[in-house]
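Each remark here refers to the structure printed beneath this line.
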Amino acid sequence: MCLGVPGRIEAIRDEQGTPMASVDFGGIRKDVCLAYLPEAEVGDYTLVHVGFAITRIDEASALETLELIRSIGNLAEELGEEPADLAGDPVVGGGGT
Amino acid sequence: MKYLDEFNDPELAAQQFEEIARIVTRPWALMEVCGGQTHSIVRNGIDQLLPEQVRLIHGPGCPVCVTPLETIDKALAIAARDDTIFCSFGDMLRVPGSHHDLFQIRSAGGDVRVVYSPLDAVRIAAEHPDKEVVFFGIGFETTAPANAMTVVEAKRRGLTNFSMLVSHVLVPPAIAAIASSPDTQVNAYLAAGHVNTVMGTAEYEPLVERFKVPIVVTGFEPLDVLEGIRRALLQLEQGRAEVENAYPRAVKAGGNPAAQAVLAEVFEVCDRPWRGIGVIPASGWRLSERYRDFDAEDRFEVTDLHVEESPLCRSGEVLQGLIKPNECEQFGITCTPRKPLGATMVSSEGACAAYYQYRRLALQEEVRA
């Protein structure tokens, strides 16, 4: 139930005093309440949960995280380490396979 | 789709697995608190691709699953009334009460409606002034702002026929309850990222201090989950216990102040029983004095309940991470999503539902082998 879906704000309007947005989720548009994101602007990406925008998705942080994840692989390569050999192959553990 | 595809990149995921294998030297158990993360982990086979020394324990972060049976029975009694339209998130409809579920109330003629947003329930109340409209307000801190706004809206519009049956639960007291249990095996926690989107990260500092366990705020896509796992393991291997944010694109340290302001006005902290676990002190929210008029429990006197939990269901142990779903004798045999014994088999965040949906064929193979 805590699912949050990222979408792009396409339009903002006032509905009886409540700020509402039309948000595009990869082709599907839905009405979303902006009461908790009053500073949102058209073009912003937001995380939507049960019809409410709960946060703005920060592009710079998203890129930073991806960059960090990429750099971990590069770092291991640069150090000349063979990650899988150090601690054994990533084993298919437990479970069903 | 933007912000989804990038965090599903299989090549980067493979790198993450390699890095995790490189840093792990000892056995560790991590708990992903949120049921949404459990589903991401099981769907993507993340637990099966981790080094054998790393064990994931599925946590209680499924609001549908932990809503007390007594509250479900009250919901069923209210939903069965002739003068009532009962609105709920879809997840709740198949959750077994003591004797039946909301689907059965609906097929017997009850007006039970699934809403996508809680605001839909307010709209329904405005359209049906001759009916009592009751919304089943459940959820963790992620959902609470939406539910709170529903009550604020109803009050603003002067709707006297709207009320909410409230069963809100909070993550930090649940972590504290698990961490203080003498049986706990959890070395570190992956905190439920969307809860932190609303509440920020400050509440977790005292837990880290008190229990000396790493808590890493974690997102939901495969790379997010792996990054949470990697950081938690790195802390454990280095002997650190800190609050870390591995989901910064959605979580700010201060959370969402606009949401927190409304939460503080609409709700107050209360003790709350969790289904299958028991009462956890100060682990829930109920409507504050100002909004008590909208409390469905006060509005509808529901007595004569005969609360009766299935003696076969072991969802309490599943929710506490004491057993895996497939270790329950009833799993997939007497208990299926169509005929569930407990809520963990039907909720989209329930661990039993995840294992049934993504693992049951493999598990059957294993039994045969």
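Yes/no per residue for (1) among the aromatic types (Phe, Trp, Tyr); (2) touching a Lys or Arg at 6+ places or on another chain (Cβ under 7 Å); (3) within 30 Å of A:ALA62 (Cβ to Cβ):
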site	(1), (2), (3)
B:PRO10	no, no, yes
B:VAL33	no, no, yes
B:GLN37	no, no, yes
B:ALA79	no, no, no
B:PHE89	yes, no, yes
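Taking the condition open to solvent by less than 30 Å² (accessible area, probe 1.4 Å), assigned to a helix (DSSP H, G or I), within 15 Å of B:PRO273 (Cα to Cα) and not polar (S, T, N, Q), does B:ALA154 pass? Spelling it out, it is not the case that B:ALA154 is open to solvent by less than 30 Å² (accessible area, probe 1.4 Å), assigned to a helix (DSSP H, G or I), within 15 Å of B:PRO273 (Cα to Cα) and not polar (S, T, N, Q). Taking into account only those residues within region B:177-194 that are assigned to a helix (DSSP H, G or I) and over 16 Å from the mean Cα position of the chain (by Cα), which is surrounded by the fewest Cβ atoms within 10 Å (Cβ to Cβ)? Out of the qualifying residues, it is B:SER180.
Scan region B:258-275 residue by residue and report those that are more than 28 Å from B:LEU223 (Cβ to Cβ) and facing chain A (nearest Cβ under 9 Å). Hits for region B:258-275 are B:ALA258, B:VAL262. Of all residues in region B:116-144, those that are part of a loop (DSSP other than H, G, I, E, B) and surrounded by fewer than 19 Cβ atoms within 10 Å (Cβ to Cβ) total 5. Suppose we keep only residues that are part of a helix (DSSP H, G or I) and at the interface with chain A (Cβ under 7 Å from one of its Cβ atoms) within region B:1-13. Which one would you say is nearest to B:ILE229 (Cα to Cα)? In this case the residue turns out to be B:LEU12.
Filter region B:286-337 down to residues that are of a type in the set (Lys, Arg) and part of a helix (DSSP H, G or I) and give me whichever is farthest from B:GLY276 (Cα to Cα). That would be B:ARG290. All conditions but one from (1) buried (at least 20 other Cβ atoms within 10 Å of the Cβ); (2) more than 23 Å from the chain's Cα centre (by Cα); (3) not β-branched (Val, Ile, Thr) apply to B:GLU52; the one that does not is (1). The residues listed here are B:THR160, B:THR197; of these, the one that is touching a strand residue (DSSP E or B) at 6+ places or on another chain (Cβ under 9 Å), over 22 Å from B:LEU233 (Cα atoms) and not in a strand (DSSP E or B) is B:THR197. Scanning region B:327-350 finds no residues that are of a type outside the set (Asp, Glu), closer than 28 Å to B:ALA176 by Cα and loosely packed, with under 15 Cβ neighbours inside 10 Å.
One residue alone among B:VAL251, B:VAL213 is among the aliphatic types (A, V, I, L, M), at the interface with chain A (Cβ under 9 Å from one of its Cβ atoms), crowded, with 20+ Cβ neighbours inside 10 Å and not in a strand (DSSP E or B), and that residue is B:VAL251. Could you check, for region A:20-39, whether at least one of its residues is at pLDDT below 90 and within 7 Å of chain B (Cβ to nearest Cβ)? Yes - at least one qualifying residue is present in region A:20-39. For region A:25-41, the set of residues classified as touching a strand residue (DSSP E or B) at 6+ places or on another chain (Cβ under 7 Å) and under 22 Å from B:ASP5 (Cα atoms) consists of A:PHE25, A:ARG29, A:LYS30, listed by residue number. If you check B:LEU361, B:LEU322, B:LEU305, B:LEU312 for being within 14 Å of another protein chain (Cβ to nearest Cβ) and out of contact with any strand residue (DSSP E or B) (no Cβ under 6 Å at 6 or more places or on another chain), only one passes: B:LEU361. Of the residues making up region B:323-369, those that are aliphatic (A, V, I, L, M) and modelled with pLDDT of 90 or more number 9.
Scanning region B:67-93 for residues being open to solvent by 20 Å² or more (accessible area, probe 1.4 Å) and within 14 Å of chain A (Cβ to nearest Cβ) gives a total of 2.
Evaluation of B:ASN256 against the conditions (1) under 25 Å from A:ILE69 (Cα atoms); (2) touching a Ser or Thr at 6+ places or on another chain (Cβ under 8 Å) shows that the sole unmet condition is (1). Taking (1) within 12 Å of another protein chain (Cβ to nearest Cβ); (2) open to solvent by 10 Å² or more (accessible area, probe 1.4 Å) in turn, B:ARG286 satisfies each apart from (1). Evaluation of A:GLU64 against the conditions (1) at the interface with chain B (Cβ under 8 Å from one of its Cβ atoms); (2) at pLDDT 95 or above; (3) open to solvent by 10 Å² or more (accessible area, probe 1.4 Å) shows that the sole unmet condition is (2). Taken over region A:44-56, residues that are open to solvent by 10 Å² or more (accessible area, probe 1.4 Å), at negative phi and within 7 Å of chain B (Cβ to nearest Cβ) amount to 2. Consider region B:143-164 and keep the residues that are within 17 Å of the chain's Cα centre (by Cα) and over 23 Å from B:HIS58 (Cβ atoms). The one that is farthest from the other protein chains (Cβ to nearest Cβ) is B:ASN147. Among the residues of region B:14-47, the one identified as of a type in the set (Gly, Ala, Ser), facing chain A (nearest Cβ under 7 Å) and farther than 28 Å from B:ASP183 by Cβ is B:ALA21. Going by what's in this entry, would B:ASP304 be described as acidic (Asp, Glu), open to solvent by 50 Å² or more (accessible area, probe 1.4 Å) and in contact with a Lys or Arg (Cβ under 9 Å, 6 or more places away or on another chain)? No: the conditions fail for B:ASP304.
The values are calculated or read from the model by the stated rules, or taken from the named source; none is laboratory data. Since the model is a prediction, treat every value here as computed from it, not as a measurement. Glycine gets a Cβ as well: all are built from the backbone with ideal geometry, and neighbour counts include every protein chain shown. Areas reflect the complete protein model, heavy atoms only, side chains present, ligands, DNA and RNA absent. Shrake-Rupley method; radii C 1.70, N 1.55, O 1.52, S 1.80 Å.
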